[in-house]
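Following: one structure in structure tokens, then a few remarks.
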Amino acid sequence: MTVHQELLARAIDIARQARVNGNHPFGALLADADGGVVLTAENTVATESDPTGHAETNLVRLAGRGYSATELAALTLYSSAEPCAMCSGAIYWSGIGAVVYALAETALYEIIGDDPKNPTLVLPCRTVFAAGQRPITVRGPVRDRGRRPGARRVLGPLRSRSAGAATSSQM
């Protein structure tokens, strides 16, 4: 297993914990160049009643309080799923230098489909980052032992009594 796969497995574990905590199953972590985890965050949309409480945005908020712009540029954000447009914007503005993700936004949309309660933006993070003025390295979806990560592995069951249906890249 590569370092990327190991760190994504940790992000997926964080996503599972988010579900246990009553939120939607998404998790993220920030790692240094040696693969050391410096911060973690989970989705808190349901428990905090905050539609911006996506795992990556929560992580960016924490990172911005504790790291300089130079330090952030050297860190990599690992996410259980591709960052949505909102989270991609937050990552861009934070100055984090790289993103690695497991499940692609397009694959998640194929699972969730058209949901009038959550009109998902199908907008890959690479597209958001490409509109900016500084490069962000993106790697994903990262394969697990040569396979695309399965949605069930990343998200668990799509419905949960405590969290409801996952209906977007972070919802």
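General observations
- Whichever residue in the stretch 51-75 is among the polar types (S, T, N, Q) and not in a loop (DSSP other than H, G, I, E, B) and, among such residues, is nearest to ALA98 (Cα to Cα): THR70
- Listed by first and then second residue, the pairs with beta-carbon distance under 7 Å, at least 6 apart or on different chains, first residue in the stretch 39-56 and free of Cβ contacts under 8 Å to residues at least 60 places away in the same chain and closer than 13 Å to VAL20 by Cβ, second acidic (Asp, Glu) and not in a loop (DSSP other than H, G, I, E, B), form an empty list.
- For the criterion of being in contact with a strand residue (DSSP E or B) (Cβ under 7 Å, 6 or more places away or on another chain) and at pLDDT below 90, VAL154 passes.
- Checked against the criterion of being surrounded by fewer than 19 Cβ atoms within 10 Å (Cβ to Cβ), hydroxyl-bearing (Ser, Thr, Tyr) and either more than 18 Å from ARG139 (Cβ to Cβ) or touching a residue at least 12 places away in the same chain (Cβ under 8 Å) (or both), the stretch 78-87 contains not a single residue that satisfies it.
- Of ALA104, ALA73, ALA90, all but one fail to be open to solvent by 10 Å² or more (accessible area, probe 1.4 Å) and closer than 21 Å to THR2 by Cα; the exception is ALA104.
- If you filter the stretch 111-146 down to residues that are among the polar types (S, T, N, Q) and surrounded by 13 or more Cβ atoms within 10 Å (Cβ to Cβ), you find that the one that is modelled with the lowest pLDDT is ASN118.
- Within the stretch 78-124, being assigned to a helix (DSSP H, G or I) and either over 25 Å from ASP32 (Cβ atoms) or aliphatic (A, V, I, L, M) (or both) holds for ALA85, MET86, ALA90, ILE91, GLU105, THR106, ALA107, LEU108, TYR109, GLU110, ILE111, ILE112.
- Selection within the stretch 10-28 - within 18 Å of GLU105 (Cα to Cα) and either assigned to a loop (DSSP other than H, G, I, E, B) or free of Cβ contacts under 8 Å to residues at least 60 places away in the same chain (or both): HIS24, PRO25, PHE26, GLY27, ALA28
The values are calculated or read from the model by the stated rules, or taken from the named source; none is laboratory data. Model, not experiment: these values are computed from the prediction. Every residue, glycine among them, receives a Cβ derived from its backbone with ideal geometry; neighbour counts consider all protein chains shown. Side chains included, ligands, DNA and RNA excluded: accessible areas come from the protein's heavy atoms. Shrake-Rupley method; radii C 1.70, N 1.55, O 1.52, S 1.80 Å.
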